[in-house]
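Notes to accompany the following structure.
The values are calculated or read from the model by the stated rules, or taken from the named source; none is laboratory data. Keep in mind the model is a prediction, meaning the values are calculated, not measured. Using ideal geometry, Cβ is built from the backbone for each residue, glycine included, and neighbour counts are taken over all protein chains shown.
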Amino acid sequence: MDIKEIMPRRDWDNDAPTKELATCIVKEKPLLMVGAGLSRLVGYPSWYELMLELKDALGSEVDHDDELLIKRQYDKFAEKLLSKSKRPTDLSPFIQERFGPDKVRKRYDKIHIELIGMPFCGVVTTNYDRVLEDAAQAHLYKIMGAEANSCVPRDLCYDEHGTFIFEFMRRLVRPVDPGYREEILHLHGYYEHPRNIVLTDSDYAKRYGRLLTDGSSENMEVTRHHKVLWSLLVTHPFVFFGFSMDDPYFMRITEIIKQEFELGSSYVKTRHYAVLPLENVEDQLEERLKSAGILPVLYEMPAEEEERHQKGLSAFLENLRVKIIEASVPKISKEEKDLLIESKDISPVEIGDEIDAREITSRVLKRL
């Protein structure tokens with residue numbers, strides 16, 4: 001797929017950030033962090049859409065043009081919806097029905113499988129659904145056949161999973177094979193445990209602590225969510241996919257880490273990456289991300305409306321796949337590298353595992 005054919009509106013000038021991201025994926029095995037934007041590809045709501053659906057479900061008197069909604073303060077808006085609800089405020093039936101796998105047009109997209117197949121050390125999400133688990137299962141089946149194990153959700157909000165969370169984090173530093181996704185960590189809950197999810201302002205305060213909203217650290221109990229997210233951000237590069245990057249809690253923790261480790265104020269080295277649609281990124285957001293050590297890696301979406309997000313992401317992932325190969329085997333000849341790029345059977349997982357270049361080339365030639 002030719003990226004410039006898909007995106008004719010401007011010269012493609014995102015080569016350097018994409019190459020830097022590819023090098024990070026190969027050399028540092030970062031953590032993939034998935035947001036609602038990717039689940040939206042198969043019919044789940046964005047945060048904005050979820051707020052409108054929640055308003056209707058609750059029969060809440062809050063206006064559609066409420067300032068909190070306009071400012072994307074969705075946690076506070078959800079709190080307001082509940083406080084002015086005309087109907088029972090138990091959201092369990094709504095969450096289970098809306099985020100269960102039976103209410104969407106398909107369980108995953110090929111984009112999810114492509115991402116799952118890249119050599120990340122692990123996968124973390126703030127989503128309540130099981131799109132990533134189903135995509136991981138499909139990827140495992142492709143690799144292993146009918147004997148593949150199922151991919152298990154690990155719910156950080158569900159207390160019975162405490163030991164599993166500990167083991168998940170330990171495995172990130174010594175992944176046996178990053179392509180075999182056997183578990184996904186859900187930071188904000190899972191639809192099967194709807195009473196435990198993080199949705200409202202009070203939910204965030206309970207899970208992360210008020211430190212993240214008022215900046216005060218006096219007499220603060222450091223919560224498990226805070227510890228887990230802090231640990232992950234300190235020990236691993238994050239690659240954000242499907243995030244708008246305006247979650248105040250995530251951004252506040254990056255500020256805290258920056259201060260605690262004296263990471264600088266004028267020039268900040270890139271420590272995380274955010275893959276974002278170009279049209280959604282204003283200069284102010286780009287500068288704010290860079291000051292937090294997060295490099296925006298932008299992609300364009302084609303002008304036509306139908307599945308433009310999928311097409312833009314697919315083109316970007318193909319470009320990223322090529323750069324992962326180039327970063328993995330830089331010393332082989334151009335002909336050998338072209339064979340690798342053209343071969344869809346050689347996955348980024350295998351490349352990321354640093355198979356000897358001659359072995360890769362030999363395997364490609366056998367498949368021609």
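Side notes on the structure shown:
- Within region 51-72, the residues that satisfy the criterion of being in contact (Cβ under 8 Å) with a residue 40 or more places away in the chain and surrounded by fewer than 20 Cβ atoms within 10 Å (Cβ to Cβ) are GLU53, ARG72.
- Among the conditions (1) part of a helix (DSSP H, G or I); (2) within 25 Å of GLU49 (Cβ to Cβ), ARG171 misses just one, which is (2).
- Selection status of LEU82, modelled with pLDDT of 95 or more, farther than 27 Å from SER328 by Cα and part of a helix (DSSP H, G or I): no
- LEU339 at pLDDT 75 or above, surrounded by 13 or more Cβ atoms within 10 Å (Cβ to Cβ) and either farther than 21 Å from HIS112 by Cβ or not assigned by TED's automatic domain parsing to the domain that holds MET245 (or both): no
- Filter result for HIS272 (modelled with pLDDT of 90 or more and more than 22 Å from ASP75 (Cα to Cα)): yes
- Test: residue in region 174-188 that is part of a loop (DSSP other than H, G, I, E, B), closer than 24 Å to PRO30 by Cα and modelled with pLDDT of 90 or more: yes
- Breaking point among (1) assigned to a helix (DSSP H, G or I); (2) closer than 28 Å to TYR249 by Cα, for VAL123: (1)
- Residue match in region 234-245 (condition: among the hydrophobic types (A, V, I, L, M, F, W, C), surrounded by 14 or more Cβ atoms within 10 Å (Cβ to Cβ), at pLDDT below 90 and not assigned by TED's automatic domain parsing to the domain that holds GLU97): yes
- Residues that are assigned to a helix (DSSP H, G or I) and among the aliphatic types (A, V, I, L, M) were ranked within region 276-298; the one that is surrounded by the most Cβ atoms within 10 Å (Cβ to Cβ) is LEU289.
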